[in-house]
Amino acid sequence: MALDRTTTARRTSTAHRTSTARRTGIAVAATAALIVLVGCDNLSFRRLDFDTTESARITAIRVLPGAGDVLVRADGSVDGVRIKRVVRYQGAEPGTTYEIKDTELVLDTSCGQRCSVSFEVTAGEGVSLRGETGSGNVDLSRVSTVDLKVGSGDVRVAEATGPVRVETGSGNIEVYDVSSPVVLRASSGDVTGTRLGGEVDAEAKSGNVTVELDRPASARVHASSGNVELTVPTGAYQVRSKAGSGDVELDVAHDPSAALVLDVRTGSGNITVTSR
């Protein structure tokens, strides 16, 4: 369902000219674009701002590869979905950058060469998110399940109600207040998990890994080059640790009969495991 044919848009030029109006049809949109281009040469980046509210109930969000930031917040008081977009581009104005398929909102962060689109979405409670981006930061709050891959950019997930899986090529990962299992992978960047209540599998190839468990659970915390810090509640754990080059400090007793396993390793760096 393409939604740019009837939408409310606020367009701002580099000369700080702003026009907010109801746009209907391609011809009207083209006319509005001409207003933005006054005083701009062909090599300048243009910026378009959109703020649209749709009545459709969205249960899932899918992100397609491209360039741009993605911010999603779930709010139980929201009936439909609010989609704010910022499009930056050179040359011809890009077309539609999102669509709704049944109850799924598809965000397309690929809008052509020399073009990026950033999204800020407010959806109803229980919305899930999956997909990938080439470059850009991702900030998710109170969504349900997360399955995301980011080429270059930081990822922050707070208060997700379902399992979380995040992978970054270059960028930091921060996850807070998640009670379900998490799987976190960073090729180049730090991994931080705070107040986690489920099983944890966290790894950084080049970067530090810091994990804090809110409830007793198994945790695999690895770093190829970087420090590893794990904080766990009081409980019975099997503790397996290995540091290729660095110090190891364990404040948790090893119980070979325990069902929960703490597996902490680093190739080059220090290991610290503490109990609270």
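One table, with the values for the structure above:
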item	result
Wholly within region 167-213, strands (runs of 3 or more DSSP E) carrying at least 2 residues that are polar (S, T, N, Q)	182-188, 191-196
Any hit, region 88-97, residues being within 14 Å of D139 (Cβ to Cβ) and either of a type outside the set (V, I, T) or at pLDDT 90 or above (or both)	no
Qualifying residue in region 214-226 (condition: without any contact (Cβ under 8 Å) to a residue 40 or more places away in the chain and either of a type in the set (D, E) or in a loop (DSSP other than H, G, I, E, B) (or both))	yes
Per-region count, region 70-96, residues touching a residue at least 60 places away in the same chain (Cβ under 8 Å) and either touching a Cys at 6+ places or on another chain (Cβ under 8 Å) or exposed (fewer than 13 other Cβ atoms within 10 Å of the Cβ) (or both)	1
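So that you can scan it fast, the table gives a plain yes or no per residue for (1) in contact (Cβ under 8 Å) with a residue 60 or more places away in the chain; (2) under 20 Å from T59 (Cα atoms); (3) surrounded by fewer than 18 Cβ atoms within 10 Å (Cβ to Cβ):
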| residue | (1), (2), (3) |
| --- | --- |
| N137 | yes, no, no |
| V146 | no, yes, no |
| E167 | no, no, no |
| V175 | no, no, no |
| S188 | no, no, yes |
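The values are calculated or read from the model by the stated rules, or taken from the named source; none is laboratory data. What you see is a predicted model, and the numbers here were worked out from it, not measured in a lab. Note that each Cβ is placed from the backbone with ideal geometry, even for glycine, and that neighbours are counted across all protein chains shown.
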